[in-house]
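Heads up: the structure comes next, in structure tokens.
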Amino acid sequence: MTQVFLCGYYGYGNAGDEALLATLLEQLPPHVSPVVLSGNAAATAARYGVATCDRRRWRKVLRTLQQSQAFIWGGGSLIQDVTSWRSPLYYLGLMTLAQRFGCRTIAWAQGIGPLRSPVYRGWTRAVLRRCLAVTVRDSGSAALLRQWGIPHQQGADPVWLLSARPVAPPQEKRAIAVCLRPHRHLTGDRWQLLKMALRQWQQETGVPLLLLPFQPQQDLPLAEDLYGALVPEQTQLVSCEDPREMKGLLATTAGAIAMRLHALIMAASVGCRCFALSYDPKVSYLMADTGMAGVELEALPPDPTALVQQWQQTFSAPLPDYQPYLRSAAVHRAVLNLL
């Protein structure tokens, strides 16, 4: 068996990152024995039935790296310094150590950047050049790697292929899922505008809404505040920790309005119409790559009626053909056969 160390933002209750991990575990070849780096090792081990390593226990992390034959940066926007300068330091440091210990390294389904620091840009180029394979999930990352002269393959985000776990629909009538998150671009005025628009839409059309906090620690207070502003009889709030069940839940809906990237991908992959509220380049890349409807959060129309009209048009339009993105996501699975 080949021991492979899986490195990502796992174990923190973010359904998007957990979906990446679940997809990666589904796609690993049979001869691979994974060890997952996790912020909550016990919970990760219990949910997925895998060996884990607490990311804060550095002695164990180093020992696991030394014992592993391969190392995977397991998806997501790990290498960016907009959210925090500590994040790329941690992940680049681990990749560098893995390469020095002789591990075969793969950067899998990455979203590279934004990287403002010239130190991080240079370091990222160096470690990617030493990787056995590099795959990226969006056109922006691919353009950056072409500029750097780094061989790579671009495919749609692998969560397009995550298996859904069937769940009972929480409402008789198919609802529109709403997945929002706190962000500096979601200012007080914009938050009030969204609340007014969603309530107006309910009052005018009777549309049921299903509020889904993707990372409850961050998103639940926002969802609870939104719940209090909406029509109670037409609104439900559901928390779900397993990403496969979250995808199954989205399969019961008629569509999704979401800021969270993987909420949009999960919903689209099970045949839902989607409307993106982009707060980050990765969401804008998804909109550009797929033609998904949506708006930049900083460019929200000032009138709630205009927003309601955009939603009405989106959810009454023909369902987009997302089959090419399901096929494109297989690129990430293919490179795992190199392990």
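Give all pairs with beta carbons closer than 7 Å in which a residue from the range 5-30 that is touching a residue at least 24 places away in the same chain (Cβ under 8 Å) meets a residue that is among the basic types (K, R) and not in a helix (DSSP H, G or I); count only pairs at least 6 apart in sequence or on separate chains.
G16/R260
Would the range 294-301 turn up any residue that is of a type in the set (D, E, K, R), in contact with a His (Cβ under 9 Å, 6 or more places away or on another chain) and not assigned by TED's automatic domain parsing to the domain that holds G13?
So far as the range 294-301 goes, yes, one or more of its residues are of a type in the set (D, E, K, R), in contact with a His (Cβ under 9 Å, 6 or more places away or on another chain) and not assigned by TED's automatic domain parsing to the domain that holds G13.
Mind telling me which of the residues L212, L186 ends up being of a type outside the set (D, E, K, R), closer than 19 Å to A306 by Cβ, assigned by TED's automatic domain parsing to the domain that holds I257 and touching a strand residue (DSSP E or B) at 6+ places or on another chain (Cβ under 9 Å)?
After ruling out the rest, the residue left standing is L186.
I need the helices (runs of 4 or more DSSP H) fully contained in the range 233-339, keeping only those with at least 2 residues that are of a type in the set (K, R).
Details: elements: 243-250, 261-269, 281-290, 304-316, 323-328, 330-335.
Here the list reads 243-250.
Which pairs have Cβ atoms under 7 Å, sit 6 or more apart or on different chains, and link a residue in the range 76-94 that is in contact (Cβ under 8 Å) with a residue 40 or more places away in the chain to one that is β-branched (V, I, T)?
I79/I112; I79/T124; Y91/I79
Please work out which residue is surrounded by the most Cβ atoms within 10 Å (Cβ to Cβ), limiting yourself to the range 260-308 and to residues that are under 16 Å from the mean Cα position of the chain (by Cα) and small (G, A, S).
Residue satisfying both the conditions and the ranking: A267.
Looking at the range 62-71, can you tell me whether even one residue there is buried (at least 23 other Cβ atoms within 10 Å of the Cβ), touching a residue at least 40 places away in the same chain (Cβ under 8 Å) and among the aromatic types (F, W, Y)?
The answer is yes, given that some residue of the range 62-71 is buried (at least 23 other Cβ atoms within 10 Å of the Cβ), touching a residue at least 40 places away in the same chain (Cβ under 8 Å) and among the aromatic types (F, W, Y).
In the list V61, V35, V4, which residue meets the criterion of being of a type in the set (V, I, T) and either in the same structural domain as E245 (by TED's automatic domain parsing) or out of contact with any helix residue (DSSP H, G or I) (no Cβ under 8 Å at 6 or more places or on another chain) (or both)?
None of the others qualify; the one that does is V4.
Looking only at residues that are surrounded by 15 or more Cβ atoms within 10 Å (Cβ to Cβ) and over 25 Å from I112 (Cβ atoms) in the range 309-333, which one is modelled with the lowest pLDDT? If you could, list the steps in order and put the result at the bottom.
Restricting attention to the range 309-333, the residues satisfying the condition of being surrounded by 15 or more Cβ atoms within 10 Å (Cβ to Cβ) are 310-311, 314-315, 320, 322, 325, 328-329, 331-333.
Right, trim to over 25 Å from I112 (Cβ atoms) and you get 310-311, 314-315, 320.
Numbers: Q310: 97, W311: 97, T314: 96, F315: 96, P320: 86.
Checked the range 309-333; the qualifying residue modelled with the lowest pLDDT is P320.
Tell me which residues, restricted to the range 7-38, are closer than 18 Å to S239 by Cα, in contact with a Gly (Cβ under 7 Å, 6 or more places away or on another chain) and assigned to a helix (DSSP H, G or I).
Selection gives D17 alone.
In the range 224-247, which residue that is modelled with pLDDT of 95 or more and of a type in the set (G, A, S) is surrounded by the fewest Cβ atoms within 10 Å (Cβ to Cβ)?
Here the residue is G228.
The values are calculated or read from the model by the stated rules, or taken from the named source; none is laboratory data. Keep in mind it's a predicted model, so treat the numbers as computed, not measured. In this analysis, Cβ positions are derived from the backbone assuming ideal geometry, glycine residues included, and neighbour counts consider all displayed protein chains.
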